[in-house]
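These notes concern the structure reproduced below.
The values are calculated or read from the model by the stated rules, or taken from the named source; none is laboratory data. Here the structure is a predicted model, which means the values were calculated and not measured. No Cβ is skipped: glycine too gets one built from the backbone with ideal geometry, and neighbour counts run over all protein chains shown.
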Amino acid sequence: MSDKTNLRAEMLAILGNDAQYYPHFIDKNFPHIMRRIVDLWGQPQLDNLLNGLLAPTRPGCIGFPRQALMEIVDIRQLLRQRMVASGVVFDEGGAVRDALWTLVDFEQENYPVVLESQYPHLLPEILSHLGKAQFNAQIDTLLAPSRQRELNFQEAALIELMTLKAMHGTRYFPREKPVEELHDGHHDAHAAGVFDRFHRH
């Protein structure tokens, strides 16, 4: 049996009834990452590794393809669900990053790098309203001239806030559908739920 076959078998054994989370794209294109996921499964170090891979700007790297980012978020959220059930407590930073990637539809050019690096304290409150009308209201509050002066916003941060607002409206309120008719896709529900759970801790 080849090393690749062994690796696939190990990953499937880890996933068990959650085989739908199998990272096919990573398995095919980044086998070294797959090996690390298998070797570190169930350990907090894996959460740190995956969080680093999801960083929007890594020195010397151009970033991962969209499909890889989606699989990394899925794997990290499954890992956290299982470890939280075992009593492990995580900081909310990882959940913030997962929610942001989901909101920008895994498009790297739309990731709010400046907000994450310069104004990280604002993101948990904004994202606590993910999928709700209050999300845009929260951003409108931050865009008010008085708040801009108070927070000393960089122009890039203002652009990122407006981009998040636009993408949130497109993703969760297409054509102004009622809340009960909102799209409830896999990544939307998963990321919002995971973020909300960590935000409360």
Let me confirm something: among ILE72, ILE139, ILE126, which residue is in contact (Cβ under 8 Å) with a residue 24 or more places away in the chain, on the phi < 0 side of the Ramachandran plot and in the same structural domain as ALA55 (by TED's automatic domain parsing)? ILE72
Determine whether segment 98-120 contains at least one residue that is within 23 Å of ARG35 (Cα to Cα) and buried (at least 16 other Cβ atoms within 10 Å of the Cβ). yes
Close pairs (6 angstrom Cβ cut-off, 6 or more residues apart or separate chains): closer than 20 Å to ILE72 by Cβ in segment 1-27, part of a loop (DSSP other than H, G, I, E, B) and of a type in the set (A, V, I, L, M, F, W, C) anywhere: ILE14/TRP41
Out of ASP74, ASP91, report the one residue that is acidic (Asp, Glu) and modelled with pLDDT of 90 or more. ASP74
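Answer with yes or no whether GLN148 is without any contact (Cβ under 8 Å) to a residue 24 or more places away in the chain, among the polar types (S, T, N, Q) and farther than 30 Å from ASN29 by Cα. So that I can check it myself, show each step before the final result.
Details: without any contact (Cβ under 8 Å) to a residue 24 or more places away in the chain: yes; among the polar types (S, T, N, Q): yes; farther than 30 Å from ASN29 by Cα: yes.
Answer is yes for this residue.
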Which one of these does SER86 not meet: (1) over 25 Å from ARG35 (Cβ atoms); (2) out of contact with any Phe, Trp or Tyr (no Cβ under 8 Å at 6 or more places or on another chain); (3) modelled with pLDDT under 90? (1)
